[in-house]
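Take a look at the structure set out below.
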Amino acid sequence: MKAFIVEDEPIARERLKRLLKEIGGIDIIGEADSKEKALSEIKDKEIDVLFLDIKLPDGTGLEVAKEVIETMEEPPYIIFTTAYGEFALEAFKVNAI
């Protein structure tokens with residue numbers, strides 16, 4: 001499974017990478033720390049699952065998710081990695097897990 005991580009906090013990003021490696025069978029093919037970098041990096045990759053932080057320095061993970069869903073022929077599964085429960089309903093609108 002090919003995964004891409006979008007998380008602006010380095011410690012959180014490293015922890016997620018470590019947890020995914022422990023699971024096994026997951027190839028982390030890229031990572032980004034901002035909305036702009038994520039959208040630029042994601043467009044040319046085949047991704048199975050996208051791990052998205054909600055709050056990014058230049059936008060939101062919800063904005064990234066919407067663009068990915070609208071522009072990719074086969075969008076990846078989207079998993080939001082956040083401590084902000086108030087975004088849950090909005091996340092489900094973009095078919096997030």
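Here are some notes:
- Qualifying residue in the range 5-17 (condition: part of a strand (DSSP E or B) and under 15 Å from residue 79 (Cα atoms)): yes
- Selection within the range 31-75 - assigned to a loop (DSSP other than H, G, I, E, B) and surrounded by fewer than 14 Cβ atoms within 10 Å (Cβ to Cβ): 43, 44, 45, 46, 57, 58, 73, 74
Throughout, read-outs are computed from the coordinates displayed, never taken from laboratory work. Note that this is a predicted model, so its numbers are computed, not measured. Virtual Cβ from ideal backbone geometry, glycine too; neighbours counted across all protein chains shown.
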